[in-house]
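Undergrad: Below you'll find the structure I mean.
The values are calculated or read from the model by the stated rules, or taken from the named source; none is laboratory data. Note that this is a predicted model, so its numbers are computed, not measured. Here the Cβ is made from the backbone with ideal geometry for all residues, glycine too, and neighbour counts use every protein chain on show. For accessibility, only protein heavy atoms count, side chains too; no ligands or nucleic acids. Shrake-Rupley method; radii C 1.70, N 1.55, O 1.52, S 1.80 Å.
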Amino acid sequence: MVLDQLRVLGEADGECVAVERQNGVSPLLVICEHASRLLPVRFGTLGLSEEALNSHIAWDPGALAVAREISQALDATLVYQRFSRLIYDCNRPPEAAGAMPGKSEVYDIPGNATLSDADKQARTEALYIPFHDAIRALIRDRTAQGQETIIVTVHSFTPVYYGKTRAVEIGILHDSDSRLADGMLAAAAGTSHYKVERNEPYGPADGVTHTLVLHGLSNGLRNVMIEVRNDLIADQAGQGVVASYLTRLLQQSMDA
Ligand SMILES: [Zn+2]
């Protein structure tokens, strides 16, 4: 009975981890933690309005589409989380306040307001652990087969945050290993397409490099986090242009 009440994913929800191009030949392993605004059935709307459920607090609009285009262009394996970060934010460790937030930007999230330790544990076990275990398994298999792995996470951010407009268009983020980011920024400096900046609109001090640390730094693998302002990737045309731009930067950086 208790277990039933705590169950996060039911039969109708399916698996939380999705993998595309599992046997991709590229060294890049593309990861999208905030790919989806889908909520598991038992959570209903979490007490949120339709507007909030469609907004950046639930997912990174456009990020999965861009990640898919990069994956396709380079024949790179893509891993993404099928459920909304409102249930569990897979780019945060379980102990972080933002992992299962009661409030996100200006929105209160009623369904997350009073989570017990058991609720948090159930969400962690249902969404966070399988997601990162799947990435670990992919890296292990690739290494065993002699395939190099370079970690690339793809995100999007909102143009207006707490009422303030953000000028940066593409952020290239890194933690203590900046090899790939340096190469991408050098490649971007030779273009005038977008306003590209290092560790903007936020950086490692904001706790956003969890996935990079977990899978990149801990294994000595080159890694980068890409943040795209979501108004640039609101439709297929924009997604295509940004994805081919990023693919070019990644190629130039990888080969450097
Ligand atoms: Zn994100």
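Undergrad: Just to be sure I understand: with springs between alpha-carbon atoms less than 10 Å apart, which residue in 178, 26, 218 has the highest mean-square fluctuation in the Gaussian network model of the chain?
TA: 218
Undergrad: Would you compute, from DSSP H runs of 4+ residues alone, the mean residue ellipticity of the chain at 222 nm, taking -39500 (n - 2.57) per run and dividing by the full residue count, rounded to the nearest 500?
TA: Numbers: 7 runs with 75 residues, N = 256.
When only DSSP H runs of four or more count, the value is -9000 deg cm²/dmol.
Undergrad: All other residues with a Cβ under 15 Å from the Cβ of residue 120 taken together, and with Lys, Arg as +1 and Asp, Glu as -1, what is their net charge? Before the final figure, lay out each step's value.
TA: Values: positive: 7, 85, 92, 123; negative: 89, 95, 117, 119, 125.
The answer is -1.
Undergrad: Can you give the accessible area per residue of the chain, in Å², using a 1.4 Å probe? Let's see the in-between values first.
TA: Values: 11410 Å² over 256 residues.
So the chain comes to 45 Å² accessible per residue, rounded to a whole number.
Undergrad: Give the carbon-plus-sulfur fraction of the accessible surface of segment 3-255 in %, rounded to a whole number; probe 1.4 Å, heavy atoms of protein chains only. Mind showing how you got there, number by number?
TA: Working: 5410 of 11030 Å².
Taking all protein chains in place, segment 3-255 shows 49 percent carbon and sulfur surface.
Undergrad: Which whole-Hz ³J(HN,Hα) couplings does segment 247-256 yield from phi under the Karplus relation 6.51 cos²θ - 1.76 cosθ + 1.60, θ = phi - 60°, glycine and proline marked x?
TA: 4, 4, 4, 5, 4, 5, 6, 4, 7, 6
Undergrad: Tilt of helix 63-74 relative to the longest C-alpha principal axis of the chain, in degrees (0 to 90, nearest 10)?
TA: 40 degrees
Undergrad: Based on the Cα gyration tensor of segment 3-255, what are the three equivalent ellipsoid semi-axes, each the root of five times an eigenvalue, rounded to whole Å and given largest first? Working shown, then result.
TA: On the way: eigenvalues 162, 95, 51 Å².
The three semi-axes for segment 3-255 are 28, 22, 16 Å.
Undergrad: Please report the antiparallel percentage of DSSP beta bridges with both residues in segment 3-255, rounded to the nearest 5.
TA: On the way: 12 of 30 bridges.
Once the DSSP bridges in segment 3-255 are tallied, antiparallel ones form about 40 percent.
Undergrad: Same structure again: Between residue 217 and residue 166, what length comes free when the chain is fully extended (0.36 nm per residue of separation minus the Cα-Cα distance, one decimal in nm)?
TA: 15.5 nm
Undergrad: Rounded to the nearest Å, what's the spacing between the alpha carbon centres of segment 167-183 and segment 118-158? Just the number, please.
TA: A separation of 20 Å, based on Cα centres.
Undergrad: Would you mind calculating the relative contact order of the chain from Cα pairs under 8 angstrom and at least 6 residues apart, reporting the percent as a whole number?
TA: On the way: 470 pairs, mean separation 59.5, N = 256.
Here the relative contact order equals 23 percent.
Undergrad: Express the relative contact order of segment 34-174 as a whole percentage, based on alpha carbon pairs under 8 Å and six or more residues apart in sequence. If you can, show how the numbers build up before the last one.
TA: Working: 145 pairs, mean separation 36.6, N = 141.
Relative contact order for segment 34-174 comes out at 26 percent.
Undergrad: Now, a different point. Of 239, 145, 22, which has the largest mean-square fluctuation in a 10 Å C-alpha GNM of the chain?
TA: With Cα springs under 10 Å in the chain, the top fluctuation among 239, 145, 22 is at 145.
Undergrad: In addition: For segment 147-200, run through the chymotrypsin sites (Phe, Trp or Tyr not before Pro) and keep only the ones in DSSP coil with at most 13 other Cβ atoms within 10 Å of their Cβ.
TA: Working: sites: 157, 161, 162, 194; in loops: 162, 194.
Answer in residue order: 162.
Undergrad: Taking the chain as a Gaussian network, Cα atoms linked when under 10 Å apart, which of 243, 188, 144 shows the biggest mean-square fluctuation?
TA: Result: 144 has the largest fluctuation of those listed.
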